[in-house]
Amino acid sequence: MSMNKKKQVWIWTENKQVMTSAVERGWNTFVFDSLHRHLATDWSSIAKISPLFIEENRLFDENASLVATFSEISSPQQLEQLQPVYEHADNVIVDLLDWQVIPAENIVAAFHGYQKTVFAISKTPSEAQIFLEALEQGLGGVVLKTEDVEDVLELKDYFNKRSEEGSQLELTKATITGVQMTGMGDRVCVDLCSLMRPGEGLLVGSFARGLFLVHSECLESNYIASRPFRVNAGPVHAYVAVPGGKTCYLSELKTGREILVVNQNGIQRTAVVGRVKIETRPLVIVDAKVDLDNETSYSILLQNAETVGLIPSSKGNKATAIPVTSLKVGDEVLLRLQGGARHTGIEIQEFIVEK
């Protein structure tokens, strides 16, 4: 989802708990129909809200100023007829009575290039996500029409994850202290629904306190064709970074799960897992330290294959990877340091020893 322009969320509800939950999460614009204007007065006494009132397919604020037009659309023909009707409102709200018939992409395309913020009525967080992401740019906002607090929480969680897009994680230089053949193990290949570029990979590690940046298979190889959608990530027990500052086990990944893709400069984005392949392969254990004088070490197991590599710590935009088959003591790679204690993938403050 493009986050270059901030997406807006308005709430349409009769539920006081939904209202307070939304306000607590920074959404304070509420839509009221003519039968529930009194709720705006009641709620304004307990929370600072911006009420909008529907009157004859238009929305007005408390000062009776026109804020938006409101249209119900049930056919492509109605959508075409709607486009020229803008009046003087800065916002356009559309209620797709059957959005499976009129795809969200059609709405985005219809209003592309117009200096209006277009909102779609969404009855679930998943509907909202479709409207916000259609044709990559999405609509300018959604009106979440719900009586369920969980819908507000889920939509806010979605926004929190998307706000991480393009932000920079701090990566640390670590020095390899050991590379050793070990036995066989069940390793996980993670195939994504999007392509990775040179310098991108997944954050993986045996210990949650430090995750290695494992490169994708997008680089050309003499041994096998490039697979820019794949990361040969490590054994089933390893941690992998997912959106929201969380981790999960590689064994927990499955089709449809979101995962964090990071490049050599720490720029992160979210991708969707398309497939996970678990196969028994020979493994190599790699140990590293950030401070050679400190006892704290970091570890990862990887398949012993030329196509599996770690991203080196060389600065700049040059994207390379050190194959695990060429990795040696003294090489410097990138590591993501974080708290070691985890509960269901969430970082917690707790004493823990991992070795």
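The values are calculated or read from the model by the stated rules, or taken from the named source; none is laboratory data. What you see is a predicted model; the values in this text were computed from it and never measured. Don't worry about glycine lacking a Cβ; one is built from the backbone with ideal geometry, like all the others, and counts go over all protein chains shown. Accessible surface is based on the protein model in full, side chains and every heavy atom, while ligands, DNA and RNA are left aside. Shrake-Rupley method; radii C 1.70, N 1.55, O 1.52, S 1.80 Å.
Once the cut-off is 25 Å, how many percent of the Cα-Cα pairs in the chain end up in the long-distance tail?
Everything past 25 Å amounts to 60 percent.
Working from label points 7 Å from Cα in the Cα-to-Cβ sense, the Glu72 to His36 distance is 1.6 nm. The trypsin sites (Lys or Arg not before Pro) found in region 15-68 that occupy coil by DSSP, while having at most 12 further C-beta atoms within 10 Å, are Lys48. If the chain linking Thr296 and Asn222 were pulled fully straight, counting 0.36 nm for each residue of separation and taking away their Cα-Cα distance, it would gain 23.0 nm. Among the chymotrypsin sites (Phe, Trp or Tyr not before Pro) in region 157-239, which ones are in a DSSP loop with at most 14 other Cβ atoms within 10 Å of the Cβ? Mind listing them? When the chymotrypsin sites (Phe, Trp or Tyr not before Pro) of region 157-239 are filtered for loop state and at most 14 Cβ neighbours within 10 Å, Tyr223 remain. In the chain, helical runs assigned H by DSSP with n ≥ 4 each contribute -39500 (n - 2.57); averaged across all residues and rounded to the nearest 500, the mean residue ellipticity at 222 nm is -4500 deg cm²/dmol. Solvent-accessible area of region 168-337 (1.4 angstrom probe, protein heavy atoms only): carbon and sulfur portion equals 48 percent. Annotation: Lys289 carries an accessible surface of approximately 50 Å², with a 1.4 Å probe and no ligand, DNA or RNA atoms counted. For the chain, DSSP calls about 70 percent of its internal beta bridges antiparallel. Converting phi to 3J(HN,Hα) with the Karplus coefficients 6.51, -1.76 and 1.60 and the offset θ = phi - 60°, region 174-185 yields 10, 9, 5, 10, x, 9, 9, 5, 10, x, 7, x Hz in sequence order, with x at every glycine or proline. Here the 3J(HN,Hα) profile of region 24-29, calculated from phi with Karplus coefficients 6.51, -1.76 and 1.60 at θ = phi - 60°, is 4, 9, x, 9, 10, 9 Hz, Gly and Pro shown as x. Using θ = phi - 60° in the Karplus curve 6.51 cos²θ - 1.76 cosθ + 1.60, the 3J(HN,Hα) couplings for region 65-72 round to 8, 5, 10, 7, 9, 10, 9, 9 Hz; x is entered for Gly and Pro. Each of Asp33, Asp148 has its accessible area taken with a 1.4 Å probe; listed largest first, they run Asp148, Asp33. Using 0.36 nm per residue and subtracting the Cα-Cα separation, the extra length available between Glu62 and His88 on full extension is 7.6 nm. Note that region 120-241 carries a Kirkwood radius of 17.9 Å, evaluated over its alpha carbons pair by pair. Taking N as the residue count of region 8-164, its C-alpha radius of gyration divided by 2.2 N^0.38 Å amounts to 1.01.
Between amide H atoms placed 1.01 Å from N, distances below 5 Å from Glu55 occur with Phe60, all of them 5 or more places distant or on a separate chain. Per residue, region 8-164 exposes an accessible area of 50 Å² to a 1.4 Å probe, with every protein chain left in place.
Express the accessible area of region 168-337 per residue in Å², computed with a 1.4 Å probe while the remaining protein chains stay in the model.
Per residue, region 168-337 has an accessible area of 43 Å².
A Förster radius of 56 Å combined with the Cβ-Cβ distance from Ser50 to Thr182 puts the calculated FRET efficiency at roughly 0.40. When the P(r) of region 168-337 is calculated, the portion above 20 Å amounts to 44% of the C-alpha pairs.
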